[in-house]
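Okay, structure first, notes after.
The values are calculated or read from the model by the stated rules, or taken from the named source; none is laboratory data. Remember, predicted model here, so these are calculated numbers, not experimental data. Using ideal geometry, Cβ is built from the backbone for each residue, glycine included, and neighbour counts are taken over all protein chains shown. Areas reflect the complete protein model, heavy atoms only, side chains present, ligands, DNA and RNA absent. Shrake-Rupley method; radii C 1.70, N 1.55, O 1.52, S 1.80 Å.
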Amino acid sequence: MATKFNFIILFTAFSVIISSLNAQDNSQLIQSLQVDVVYLSSNLLEGREAGKSGCEIASKYIASRFEEIGLEPKGLGGSWFAPFDFQYKANPHETTGGEPRISSNVVGYLDNSAKTTVVIGAHYDHLGMGLPGASLYVGDPAIHNGADDNASGVASLLFLAKYLKNSNLKNNNYLFLAFSAEELGLIGSKKFVESPTINLENVNYMLNMDMVGRLNDEKVLAINGVGTSPTWKDALAKIDVDGIKVKTTDSGVGPSDHTSFYLKDLPVLHFFTGQHTDYHKPSDDSELINYQGIYDVSMYIATLIKDLNSVGKLVFTKTKDESQQGASFKVTLGVMPDYVFDGEGMRIDAVMEDRPAIKAGLEKGDIVIQIGDVQVNSIYDYMDGLAKFKKGDKTKVKVKRKDAVLEKEVEF
Ligand SMILES: [Zn+2]
(Lines give C-alpha, C1' and ligand atoms only; values in the text may rest on other atoms or scores of the structure.)
Protein backbone atom coordinates (compact mmCIF):
# COMPACT_ATOMS: atom_id res chain seq x y z
CA MET A 1 0.00 0.00 0.00
CA ALA A 2 2.64 2.49 1.06
CA THR A 3 4.57 1.85 -2.10
CA LYS A 4 1.56 2.38 -4.35
CA PHE A 5 0.65 5.59 -2.57
CA ASN A 6 4.19 6.92 -3.03
CA PHE A 7 4.10 5.85 -6.64
CA ILE A 8 1.07 8.03 -7.35
CA ILE A 9 2.65 11.14 -5.83
CA LEU A 10 5.99 10.57 -7.51
CA PHE A 11 4.44 9.67 -10.82
CA THR A 12 2.33 12.82 -10.78
CA ALA A 13 5.46 14.87 -10.12
CA PHE A 14 7.28 13.18 -12.97
CA SER A 15 4.33 13.64 -15.31
CA VAL A 16 4.48 17.36 -14.69
CA ILE A 17 8.18 17.33 -15.57
CA ILE A 18 7.58 15.24 -18.68
CA SER A 19 4.70 17.39 -19.91
CA SER A 20 6.85 20.49 -19.51
CA LEU A 21 9.25 19.01 -22.08
CA ASN A 22 7.66 20.46 -25.15
CA ALA A 23 10.64 21.70 -27.10
CA GLN A 24 12.68 19.06 -28.91
CA ASP A 25 16.28 20.06 -28.23
CA ASN A 26 18.73 17.45 -26.99
CA SER A 27 18.92 18.60 -23.39
CA GLN A 28 15.20 18.04 -22.93
CA LEU A 29 15.31 14.64 -24.63
CA ILE A 30 18.21 13.68 -22.38
CA GLN A 31 16.31 14.94 -19.33
CA SER A 32 13.37 12.72 -20.30
CA LEU A 33 15.71 9.69 -20.51
CA GLN A 34 16.94 10.61 -17.04
CA VAL A 35 13.42 10.88 -15.60
CA ASP A 36 12.62 7.36 -16.82
CA VAL A 37 15.85 5.84 -15.46
CA VAL A 38 15.67 7.65 -12.10
CA TYR A 39 12.07 6.59 -11.53
CA LEU A 40 12.46 2.96 -12.63
CA SER A 41 15.63 2.49 -10.56
CA SER A 42 14.33 4.29 -7.45
CA ASN A 43 14.04 2.40 -4.15
CA LEU A 44 10.25 2.74 -4.39
CA LEU A 45 10.22 -0.04 -6.98
CA GLU A 46 12.27 -2.34 -4.72
CA GLY A 47 14.43 -3.75 -7.49
CA ARG A 48 11.53 -4.71 -9.84
CA GLU A 49 11.63 -8.46 -9.16
CA ALA A 50 9.31 -10.30 -11.59
CA GLY A 51 6.05 -11.23 -9.88
CA LYS A 52 6.46 -8.68 -7.04
CA SER A 53 4.63 -5.37 -6.61
CA GLY A 54 7.59 -3.11 -7.56
CA CYS A 55 7.79 -4.82 -10.93
CA GLU A 56 4.04 -4.41 -11.45
CA ILE A 57 4.28 -0.69 -10.64
CA ALA A 58 7.10 -0.40 -13.20
CA SER A 59 4.88 -2.10 -15.81
CA LYS A 60 2.13 0.47 -15.18
CA TYR A 61 4.60 3.33 -15.50
CA ILE A 62 5.78 1.98 -18.88
CA ALA A 63 2.17 1.54 -20.07
CA SER A 64 1.37 5.13 -19.08
CA ARG A 65 4.43 6.35 -21.00
CA PHE A 66 3.41 4.31 -24.08
CA GLU A 67 -0.03 5.89 -23.88
CA GLU A 68 1.37 9.40 -23.51
CA ILE A 69 3.61 8.86 -26.56
CA GLY A 70 0.53 7.82 -28.56
CA LEU A 71 1.13 4.10 -29.13
CA GLU A 72 -1.72 1.60 -29.38
CA PRO A 73 -2.03 -1.09 -26.72
CA LYS A 74 -1.11 -4.50 -28.18
CA GLY A 75 -1.20 -6.82 -25.17
CA LEU A 76 -3.96 -9.30 -24.38
CA GLY A 77 -7.57 -8.24 -24.89
CA GLY A 78 -6.68 -4.78 -26.16
CA SER A 79 -4.73 -3.91 -23.00
CA TRP A 80 -1.11 -2.80 -22.60
CA PHE A 81 -0.24 -6.02 -20.79
CA ALA A 82 0.50 -9.58 -21.89
CA PRO A 83 0.49 -11.46 -18.57
CA PHE A 84 2.08 -14.89 -18.17
CA ASP A 85 2.55 -17.29 -15.29
CA PHE A 86 5.74 -19.06 -14.38
CA GLN A 87 7.33 -21.08 -11.60
CA TYR A 88 9.88 -19.17 -9.56
CA LYS A 89 12.70 -21.41 -8.31
CA ALA A 90 15.12 -19.97 -5.77
CA ASN A 91 17.20 -23.14 -5.96
CA PRO A 92 18.36 -24.04 -9.48
CA HIS A 93 18.75 -27.70 -8.42
CA GLU A 94 14.98 -28.05 -8.10
CA THR A 95 13.61 -29.77 -11.16
CA THR A 96 9.93 -29.63 -10.21
CA GLY A 97 7.68 -27.34 -8.21
CA GLY A 98 8.63 -23.79 -7.34
CA GLU A 99 6.50 -20.83 -6.41
CA PRO A 100 3.77 -19.92 -8.93
CA ARG A 101 4.05 -16.27 -10.00
CA ILE A 102 2.45 -13.94 -12.55
CA SER A 103 4.09 -11.07 -14.39
CA SER A 104 3.44 -9.16 -17.63
CA ASN A 105 5.20 -8.02 -20.74
CA VAL A 106 4.12 -4.47 -21.68
CA VAL A 107 3.24 -4.12 -25.36
CA GLY A 108 2.78 -0.96 -27.44
CA TYR A 109 2.26 -0.73 -31.19
CA LEU A 110 2.78 1.87 -33.88
CA ASP A 111 0.65 0.85 -36.86
CA ASN A 112 1.80 2.28 -40.20
CA SER A 113 -0.33 -0.18 -42.24
CA ALA A 114 2.97 -1.69 -43.45
CA LYS A 115 3.52 -5.34 -44.37
CA THR A 116 6.40 -5.83 -41.97
CA THR A 117 6.93 -5.02 -38.32
CA VAL A 118 10.15 -4.13 -36.50
CA VAL A 119 10.23 -5.37 -32.89
CA ILE A 120 12.11 -3.20 -30.39
CA GLY A 121 12.54 -4.63 -26.90
CA ALA A 122 14.11 -4.10 -23.48
CA HIS A 123 13.52 -5.95 -20.22
CA TYR A 124 12.28 -3.94 -17.24
CA ASP A 125 12.56 -6.47 -14.41
CA HIS A 126 15.62 -6.76 -12.15
CA LEU A 127 16.87 -8.66 -9.09
CA GLY A 128 14.62 -7.32 -6.28
CA MET A 129 16.49 -7.62 -2.98
CA GLY A 130 19.13 -9.82 -4.67
CA LEU A 131 17.88 -12.92 -6.47
CA PRO A 132 19.92 -15.96 -5.45
CA GLY A 133 22.06 -17.26 -8.29
CA ALA A 134 21.89 -13.93 -10.14
CA SER A 135 23.02 -11.33 -7.58
CA LEU A 136 26.80 -10.90 -7.29
CA TYR A 137 26.47 -8.97 -4.02
CA VAL A 138 27.69 -10.42 -0.72
CA GLY A 139 25.89 -8.99 2.30
CA ASP A 140 22.45 -8.51 3.85
CA PRO A 141 19.53 -8.31 1.42
CA ALA A 142 19.50 -4.89 -0.29
CA ILE A 143 17.54 -3.29 -3.11
CA HIS A 144 19.16 -3.98 -6.47
CA ASN A 145 18.12 -0.83 -8.35
CA GLY A 146 19.22 -1.94 -11.81
CA ALA A 147 19.68 1.52 -13.34
CA ASP A 148 21.91 0.20 -16.11
CA ASP A 149 20.31 -3.29 -16.03
CA ASN A 150 17.90 -2.40 -17.46
CA ALA A 151 16.16 0.90 -16.70
CA SER A 152 18.62 2.28 -19.30
CA GLY A 153 17.24 -0.02 -22.02
CA VAL A 154 13.63 0.85 -21.14
CA ALA A 155 14.45 4.58 -21.30
CA SER A 156 15.96 4.00 -24.75
CA LEU A 157 12.85 2.01 -25.77
CA LEU A 158 10.59 4.93 -24.77
CA PHE A 159 12.88 7.39 -26.57
CA LEU A 160 12.68 5.33 -29.78
CA ALA A 161 8.89 5.01 -29.47
CA LYS A 162 8.57 8.79 -29.35
CA TYR A 163 11.15 9.28 -32.12
CA LEU A 164 9.43 6.80 -34.49
CA LYS A 165 5.94 8.11 -33.65
CA ASN A 166 7.07 11.57 -34.81
CA SER A 167 9.05 10.31 -37.81
CA ASN A 168 8.11 9.66 -41.43
CA LEU A 169 9.68 6.16 -41.35
CA LYS A 170 6.49 4.37 -42.35
CA ASN A 171 7.67 1.31 -44.30
CA ASN A 172 7.46 -0.82 -41.14
CA ASN A 173 5.09 -1.02 -38.22
CA TYR A 174 6.82 -0.95 -34.83
CA LEU A 175 6.15 -3.17 -31.84
CA PHE A 176 7.60 -1.94 -28.53
CA LEU A 177 8.06 -4.69 -25.98
CA ALA A 178 9.08 -4.25 -22.34
CA PHE A 179 9.83 -7.76 -21.09
CA SER A 180 9.52 -9.09 -17.56
CA ALA A 181 11.34 -12.06 -15.93
CA GLU A 182 14.42 -11.71 -18.15
CA GLU A 183 16.64 -12.07 -15.08
CA LEU A 184 15.00 -15.41 -14.27
CA GLY A 185 15.99 -16.90 -17.64
CA LEU A 186 14.53 -14.81 -20.51
CA ILE A 187 11.07 -16.00 -19.42
CA GLY A 188 9.04 -12.99 -20.64
CA SER A 189 10.51 -13.00 -24.14
CA LYS A 190 10.16 -16.80 -24.41
CA LYS A 191 6.49 -16.48 -23.39
CA PHE A 192 5.99 -13.72 -25.95
CA VAL A 193 7.37 -15.69 -28.90
CA GLU A 194 5.28 -18.71 -27.82
CA SER A 195 2.08 -16.60 -27.68
CA PRO A 196 2.78 -13.51 -29.79
CA THR A 197 0.15 -10.75 -30.10
CA ILE A 198 1.25 -10.10 -33.72
CA ASN A 199 2.07 -12.54 -36.53
CA LEU A 200 5.78 -13.35 -36.13
CA GLU A 201 6.00 -14.20 -39.85
CA ASN A 202 5.68 -10.49 -40.60
CA VAL A 203 8.47 -9.48 -38.25
CA ASN A 204 11.31 -7.85 -40.17
CA TYR A 205 13.94 -7.84 -37.41
CA MET A 206 14.27 -7.44 -33.65
CA LEU A 207 16.45 -4.95 -31.74
CA ASN A 208 17.18 -5.47 -28.02
CA MET A 209 18.63 -2.88 -25.66
CA ASP A 210 19.97 -4.52 -22.50
CA MET A 211 22.39 -2.36 -20.46
CA VAL A 212 23.00 0.75 -22.56
CA GLY A 213 23.61 3.17 -19.68
CA ARG A 214 27.39 3.07 -19.28
CA LEU A 215 28.81 4.27 -22.59
CA ASN A 216 32.51 4.84 -21.82
CA ASP A 217 34.75 7.79 -22.74
CA GLU A 218 35.93 5.96 -25.87
CA LYS A 219 32.22 5.55 -26.83
CA VAL A 220 32.52 1.83 -27.53
CA LEU A 221 29.15 0.19 -28.16
CA ALA A 222 28.97 -3.62 -28.28
CA ILE A 223 26.53 -4.98 -30.85
CA ASN A 224 25.87 -8.72 -30.69
CA GLY A 225 24.08 -10.80 -33.31
CA VAL A 226 25.52 -9.25 -36.50
CA GLY A 227 25.76 -12.75 -38.01
CA THR A 228 21.96 -13.13 -37.96
CA SER A 229 21.48 -11.28 -41.28
CA PRO A 230 23.86 -10.53 -44.17
CA THR A 231 22.54 -6.94 -44.07
CA TRP A 232 23.82 -6.03 -40.60
CA LYS A 233 27.57 -5.52 -41.13
CA ASP A 234 27.26 -3.14 -44.10
CA ALA A 235 24.38 -1.26 -42.52
CA LEU A 236 26.32 -0.71 -39.27
CA ALA A 237 29.51 0.30 -41.11
CA LYS A 238 27.68 3.27 -42.69
CA ILE A 239 26.45 4.77 -39.43
CA ASP A 240 28.32 7.70 -37.92
CA VAL A 241 26.70 9.04 -34.76
CA ASP A 242 28.64 11.27 -32.38
CA GLY A 243 31.86 9.24 -32.55
CA ILE A 244 30.37 5.92 -31.46
CA LYS A 245 32.73 3.00 -32.17
CA VAL A 246 31.21 -0.40 -32.61
CA LYS A 247 32.52 -3.79 -31.44
CA THR A 248 30.51 -6.68 -32.86
CA THR A 249 29.97 -10.40 -32.28
CA ASP A 250 28.11 -12.71 -34.67
CA SER A 251 26.12 -15.05 -32.46
CA GLY A 252 22.36 -14.66 -32.19
CA VAL A 253 22.43 -16.55 -28.89
CA GLY A 254 23.41 -14.51 -25.85
CA PRO A 255 22.34 -13.74 -22.30
CA SER A 256 19.34 -11.55 -23.17
CA ASP A 257 15.91 -11.47 -24.83
CA HIS A 258 17.02 -11.22 -28.47
CA THR A 259 17.93 -14.93 -28.13
CA SER A 260 14.21 -15.85 -27.95
CA PHE A 261 13.60 -14.10 -31.31
CA TYR A 262 16.77 -15.49 -32.93
CA LEU A 263 15.58 -18.99 -32.04
CA LYS A 264 12.42 -18.19 -34.08
CA ASP A 265 14.70 -17.55 -37.11
CA LEU A 266 14.51 -13.74 -36.98
CA PRO A 267 17.44 -11.34 -37.53
CA VAL A 268 18.35 -9.76 -34.18
CA LEU A 269 20.80 -7.28 -32.64
CA HIS A 270 21.65 -6.71 -28.99
CA PHE A 271 23.03 -3.29 -28.00
CA PHE A 272 25.23 -3.22 -24.87
CA THR A 273 27.59 -0.60 -23.41
CA GLY A 274 29.59 -3.17 -21.41
CA GLN A 275 30.18 -4.80 -18.04
CA HIS A 276 31.15 -2.94 -14.86
CA THR A 277 31.83 -3.68 -11.20
CA ASP A 278 28.28 -2.63 -10.16
CA TYR A 279 26.75 -5.30 -12.42
CA HIS A 280 24.05 -7.26 -10.52
CA LYS A 281 24.83 -5.38 -7.30
CA PRO A 282 22.78 -2.82 -5.28
CA SER A 283 25.23 -0.13 -6.49
CA ASP A 284 23.92 -0.21 -10.10
CA ASP A 285 22.41 3.26 -9.46
CA SER A 286 21.06 6.12 -11.54
CA GLU A 287 23.87 8.55 -10.50
CA LEU A 288 26.34 6.37 -12.41
CA ILE A 289 24.44 6.44 -15.70
CA ASN A 290 25.79 8.28 -18.75
CA TYR A 291 22.56 9.94 -19.98
CA GLN A 292 24.21 11.60 -22.96
CA GLY A 293 25.43 8.05 -23.74
CA ILE A 294 21.88 6.59 -23.74
CA TYR A 295 20.90 9.42 -26.07
CA ASP A 296 23.83 8.66 -28.41
CA VAL A 297 23.10 4.92 -28.44
CA SER A 298 19.40 5.60 -29.08
CA MET A 299 20.22 7.97 -31.96
CA TYR A 300 22.57 5.31 -33.35
CA ILE A 301 19.69 2.80 -33.31
CA ALA A 302 17.28 5.38 -34.77
CA THR A 303 19.76 5.96 -37.61
CA LEU A 304 19.95 2.21 -38.29
CA ILE A 305 16.14 1.98 -38.44
CA LYS A 306 16.06 4.98 -40.79
CA ASP A 307 18.73 3.50 -43.08
CA LEU A 308 16.80 0.21 -43.28
CA ASN A 309 13.40 1.86 -43.88
CA SER A 310 13.40 1.23 -47.63
CA VAL A 311 15.43 -2.00 -47.66
CA GLY A 312 12.50 -4.40 -47.18
CA LYS A 313 12.50 -7.62 -45.17
CA LEU A 314 15.96 -8.70 -44.01
CA VAL A 315 17.25 -12.18 -44.78
CA PHE A 316 17.87 -14.36 -41.73
CA THR A 317 21.05 -16.39 -41.28
CA LYS A 318 21.93 -18.86 -38.55
CA THR A 319 25.15 -17.90 -36.78
CA LYS A 320 28.43 -19.81 -36.68
CA ASP A 321 28.47 -20.84 -33.06
CA GLU A 322 25.37 -22.89 -33.68
CA SER A 323 26.19 -24.52 -36.99
CA GLN A 324 29.69 -25.46 -35.73
CA GLN A 325 28.08 -27.22 -32.85
CA GLY A 326 26.38 -29.72 -35.14
CA ALA A 327 29.34 -30.15 -37.48
CA SER A 328 32.50 -30.51 -35.45
CA PHE A 329 31.43 -32.53 -32.41
CA LYS A 330 31.87 -36.26 -32.42
CA VAL A 331 30.70 -36.52 -28.82
CA THR A 332 28.34 -34.76 -26.43
CA LEU A 333 27.96 -34.76 -22.66
CA GLY A 334 24.18 -34.86 -22.89
CA VAL A 335 23.52 -31.56 -21.13
CA MET A 336 21.78 -28.31 -21.97
CA PRO A 337 24.13 -25.37 -21.38
CA ASP A 338 22.68 -22.40 -19.53
CA TYR A 339 23.08 -19.62 -22.10
CA VAL A 340 22.17 -16.87 -19.67
CA PHE A 341 24.82 -17.79 -17.08
CA ASP A 342 27.47 -15.07 -17.06
CA GLY A 343 29.86 -16.32 -14.36
CA GLU A 344 33.07 -18.25 -15.06
CA GLY A 345 32.50 -21.71 -16.53
CA MET A 346 29.54 -23.43 -18.21
CA ARG A 347 26.50 -23.95 -16.04
CA ILE A 348 24.32 -26.99 -16.78
CA ASP A 349 20.67 -26.12 -17.31
CA ALA A 350 19.47 -29.73 -17.70
CA VAL A 351 20.94 -33.24 -17.90
CA MET A 352 19.49 -35.73 -20.35
CA GLU A 353 18.62 -39.29 -19.40
CA ASP A 354 21.02 -42.10 -20.23
CA ARG A 355 23.86 -39.89 -21.49
CA PRO A 356 27.53 -39.48 -20.37
CA ALA A 357 26.92 -36.56 -17.97
CA ILE A 358 24.16 -38.18 -15.97
CA LYS A 359 26.08 -41.47 -15.84
CA ALA A 360 29.09 -39.62 -14.42
CA GLY A 361 26.89 -38.06 -11.72
CA LEU A 362 26.68 -34.52 -13.09
CA GLU A 363 23.60 -32.51 -12.09
CA LYS A 364 21.57 -29.53 -13.21
CA GLY A 365 23.21 -26.42 -11.71
CA ASP A 366 26.77 -27.82 -11.77
CA ILE A 367 29.27 -25.41 -13.33
CA VAL A 368 31.80 -27.14 -15.60
CA ILE A 369 35.24 -25.54 -15.09
CA GLN A 370 37.50 -28.09 -16.82
CA ILE A 371 37.21 -30.87 -19.42
CA GLY A 372 40.37 -32.98 -19.79
CA ASP A 373 43.20 -30.45 -20.13
CA VAL A 374 40.94 -27.59 -21.24
CA GLN A 375 40.05 -24.98 -18.65
CA VAL A 376 36.46 -23.84 -19.16
CA ASN A 377 35.82 -20.14 -18.58
CA SER A 378 32.92 -19.83 -21.00
CA ILE A 379 30.53 -21.84 -23.10
CA TYR A 380 32.98 -21.49 -26.01
CA ASP A 381 35.84 -23.10 -24.04
CA TYR A 382 33.41 -25.89 -23.20
CA MET A 383 32.76 -26.46 -26.91
CA ASP A 384 36.52 -26.38 -27.66
CA GLY A 385 37.10 -28.93 -24.90
CA LEU A 386 34.42 -31.29 -26.21
CA ALA A 387 35.80 -31.12 -29.76
CA LYS A 388 38.97 -32.93 -28.59
CA PHE A 389 37.21 -36.25 -27.87
CA LYS A 390 35.72 -39.13 -29.82
CA LYS A 391 33.26 -41.82 -28.89
CA GLY A 392 34.58 -44.26 -26.30
CA ASP A 393 37.15 -41.79 -24.86
CA LYS A 394 37.30 -41.27 -21.12
CA THR A 395 38.25 -38.04 -19.40
CA LYS A 396 37.98 -36.12 -16.15
CA VAL A 397 35.49 -33.25 -15.86
CA LYS A 398 35.78 -30.74 -13.01
CA VAL A 399 32.60 -29.02 -11.83
CA LYS A 400 31.70 -26.53 -9.14
CA ARG A 401 28.67 -27.53 -7.08
CA LYS A 402 27.78 -24.87 -4.51
CA ASP A 403 31.08 -24.30 -2.65
CA ALA A 404 32.72 -27.61 -3.59
CA VAL A 405 34.80 -28.54 -6.63
CA LEU A 406 34.15 -32.14 -7.75
CA GLU A 407 36.01 -34.25 -10.27
CA LYS A 408 33.98 -36.81 -12.23
CA GLU A 409 35.04 -39.40 -14.77
CA VAL A 410 33.08 -39.20 -18.01
CA GLU A 411 32.93 -41.84 -20.74
CA PHE A 412 31.73 -40.54 -24.10
ZN1 LIG B 1 20.76 -8.56 -15.59
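The table below gives the values:
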| quantity | calculated |
| --- | --- |
| Area of LEU263 that stays accessible when all protein chains are in place (1.4 Å probe, Å², to 10) | 110 Å² |
| Debye intensity ratio in log₁₀ form over the Cα atoms of the chain, taken at each q of 0.06 Å⁻¹ | -0.25 |
| Too-long pairs where the Cα-Cα distance tops 32 Å, listed order kept, from LYS115/LYS162; LYS89/LYS388; LYS233/LYS398; LYS281/LYS388; LYS115/LYS238 | LYS89/LYS388; LYS233/LYS398; LYS281/LYS388 |
| Segment 151-260: trypsin sites (Lys or Arg not before Pro) in DSSP loop, at most 16 other beta carbons within 10 Å | LYS170, LYS238 |
| Per residue accessible area in Å² of the chain, where ligands, DNA and RNA are left out and the probe is 1.4 Å | 44 Å² |
| Ellipticity estimate at 222 nm from DSSP helix runs (n ≥ 4, -39,500 (n - 2.57)) divided over the chain, nearest 500 | -9000 deg cm²/dmol |
| Cα-centred dipole magnitude for segment 182-315, charges only on beta-carbon of K, R (+1) and D, E (-1), debye, nearest 20 | 400 debye |
| Cα-centred dipole magnitude for segment 26-307, charges only on beta-carbon of K, R (+1) and D, E (-1), debye, nearest 20 | 680 debye |
| Solvent accessible area, Å² - ARG355, 1.4 Å probe, full protein context | 80 Å² |
| Gyration tensor verdict on segment 329-411 (Cα atoms; rounded if a/c is under 1.5, prolate if a/b is larger than b/c, oblate otherwise) | rounded |
| Nonlocal amide H pairs with ASP125, under 5 Å, H built at 1.01 Å | ALA181, GLU182 |
| Quarter of the Cα convex hull surface for segment 33-118, i.e. its orientation-mean projected area (nm²) | 8.0 nm² |
| Positive dipole terminus of the chain, leading residue within VAL410, ILE223, GLY293 (C-beta point charges) | VAL410 |
| Per-residue ³J(HN,Hα) for segment 248-262, Karplus 6.51 cos²θ - 1.76 cosθ + 1.60, θ = phi - 60°, Hz, x for Gly and Pro | 10, 10, 7, 4, x, 9, x, x, 7, 5, 4, 3, 4, 7, 4 |
| Radius ratio Rg over Rh of segment 159-217, counting only Cα atoms, Kirkwood formula for Rh | 1.01 |
| Sulfur and carbon atoms: percent of accessible area, the chain [1.4 Å] | 51 percent |
| Using θ = phi - 60° and Karplus 6.51 cos²θ - 1.76 cosθ + 1.60, couplings along segment 148-154 (whole Hz; Gly, Pro as x) | 6, 10, 9, 4, 4, x, 5 |
| Net length gained if the chain between GLN375 and ASN43 were fully extended (0.36 nm per residue, minus Cα distance) | 115.5 nm |
